[in-house]
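The values are calculated or read from the model by the stated rules, or taken from the named source; none is laboratory data. All values reported here derive from a predicted model rather than from experimental measurement. Don't worry about glycine lacking a Cβ; one is built from the backbone with ideal geometry, like all the others, and counts go over all protein chains shown.
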Amino acid sequence: MTTRDELMETRFLLNMGRISGLVRLVNFNEALKPTMIFRSEGTRADILRSIVVFLHATFEVVLRSHLPNPDKSLSFYSRTDLDKALKRSRIDPKPFKPLYLPLTQMAKRRHRIVHEGDLSRRTDTVSEPWGAADDWQLVMWLMAVPAFYYQLRISVGAADIVERTAYERFRKAMTGHVDFGHQLLAIPKAPPEQLIEALQSLASTAEGIAATLKLDVSDFVPERG
């Protein structure tokens, strides 16, 4: 008989596999290149929007998995919503609070995509290009959803050392990604003589994030006193 934790894990891995396939598609398909750096339009932009929808669905599957009476009418668009759902599941919300901002932002973007075709205003007839801010947010959401999953596993006592380490790595990478965003925003304001240094710092931050997300065998071997 499949337990609740096993079902959550299976569905989480299934959805993350589907998301991974879409991410690979937009990154490695020659027909889906960005129209320019940090600018996606047409089919590429719509695939990126689909990733947001799948991510939010994955998050909802995880959050609803421990509710005593899963209620389809429940929505998760605010910090209050998340607090309420976790408390109903008899799970302490405190460890999840650092994840609330990206998760609620993702929920609102998903709502706009699904219910408004991702149009910013009711009078719009054409969607805006997918830009640098959208790319930055999507990367953050791609880390926040697994972090939420691993924290839930930790909170219910089901996480092993691999999952605990993965959670710590995702949280560290999310902090690095915030720094990356600040550096990216500062580049247009940088004096010409400091531009190369600013770009090198940006590249170093990106490399640090990538390195943080790589798990090594040594991460799972307890240190001996």
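Below are the figures for this structure:
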quantity: Test: residue in segment 191-204 that is part of a helix (DSSP H, G or I), of a type in the set (Val, Ile, Thr) and not assigned by TED's automatic domain parsing to the domain that holds Leu67; calculated: yes
quantity: Test: residue in segment 176-196 that is touching a residue at least 40 places away in the same chain (Cβ under 8 Å) and out of contact with any Leu (no Cβ under 9 Å at 6 or more places or on another chain); calculated: yes
quantity: Filter result for Leu14 (in contact with a Leu (Cβ under 9 Å, 6 or more places away or on another chain) and either at pLDDT 90 or above or closer than 29 Å to Glu163 by Cα (or both)); calculated: no
quantity: Meets criteria (modelled with pLDDT of 90 or more, within 21 Å of Lys108 (Cα to Cα), small (Gly, Ala, Ser) and in contact with a strand residue (DSSP E or B) (Cβ under 9 Å, 6 or more places away or on another chain)) for Ala45; calculated: yes
quantity: Single match in Ala31, Ala45 (criterion: of a type in the set (A, V, I, L, M), touching a Pro at 6+ places or on another chain (Cβ under 9 Å) and part of a helix (DSSP H, G or I)); calculated: Ala45
